[in-house]
Amino acid sequence: MSRSIVSGRQSRARSPRSASVVRRSAVSRRGPQSIAAVPCPTAPSPLFVARFAGHVRAVPGPGSTVHAMVDRSAPRSGPRGEVPETLVRDIIAHGPCVVMTVGAPGSGKSTLAAALAHRLDDAAVLSYAAHREEVSGDPADPAANPPAGALLRARLADRCAAGRTTILDGTHHIGRTRRRVLDIAAAAGLPAVAVVLSTPLLTCLDRQLDRPPPPPGRQHGLRVPDQEVRHVHAELQDAVPGLADEGFRVLVLAPTATTRG
């Protein structure tokens, strides 16, 4: 049985109530993202093309895959999502590897990482947020990024050297961070698989409303400010089409017409 050794979410500040009202009318409330096992399309769905046309270039050549993602609108306290069988098979086909989530805050990265860890043999999750908490006591402390990142990379290198699959839970919108992941995987002779969560921006923003604001005395919390969510989403719109050229094997979780929001 695989295990998740560390997990967590990135975090920040409270969103204005006015923005809350607007987004609630645009995007329905939902629980943790559920990812259903559905037939894998041979081409992106129409909704994927309409909303994420820029991402299609991230799936070039033979073997690159777009996996359909269905939001079951599960209750917030309900079970975590299921991983598409096609996605699991694609990852297993690489043998031991580094699986890197790619997505904006609120896109469902932690949910996916935890679900994958249960499906992949000897796999574990390394979360940037959990490492920040380990080194500073605050999973949302940006000042902890350098030591937390160094600790995470050291643990990743150890697991790669042992030939064990590792799932990295983070946005990975910064090119330098992605290159470090590639270098560690390559040094151990392991492939690096980027799993892109192409969750709509409005959905990512809406999910922040269900995260708690910063605790008393702290500037940052589990709720990521709108400005940062938009920034990361925009950065990924530019970065994702070039992931394959960077050296990643790219898999995309794409919304289908049945996905609300």
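Key figures
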read-out	value
Check on D169, farther than 25 Å from L243 by Cα and of a type in the set (D, E)	no
Of residues in the range 94-124 being in a strand (DSSP E or B) and crowded, with 24+ Cβ neighbours inside 10 Å, the one farthest from the chain's Cα centre (by Cα)	V98
Residue list for the range 187-221, filter: within 15 Å of the chain's Cα centre (by Cα), part of a loop (DSSP other than H, G, I, E, B) and surrounded by fewer than 22 Cβ atoms within 10 Å (Cβ to Cβ)	P200
Options A239, A254: the member that is among the small types (G, A, S), assigned to a helix (DSSP H, G or I), closer than 17 Å to S107 by Cα and under 18 Å from the mean Cα position of the chain (by Cα)	A239
Residue satisfying condition, being in contact with a strand residue (DSSP E or B) (Cβ under 8 Å, 6 or more places away or on another chain) and not basic (K, R), within set V240, V229	V240
Selection count where residues are free of Cβ contacts under 8 Å to residues at least 24 places away in the same chain and over 12 Å from G247 (Cα atoms), scope the range 175-188	1
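We did not get these values from a lab; they are worked out from the coordinates using the rules stated. All figures in this text were calculated on a predicted structure; none of them were measured in a lab. Quick reminder, even Gly has a Cβ in these numbers, built from the backbone with ideal geometry, and neighbours come from all protein chains shown.
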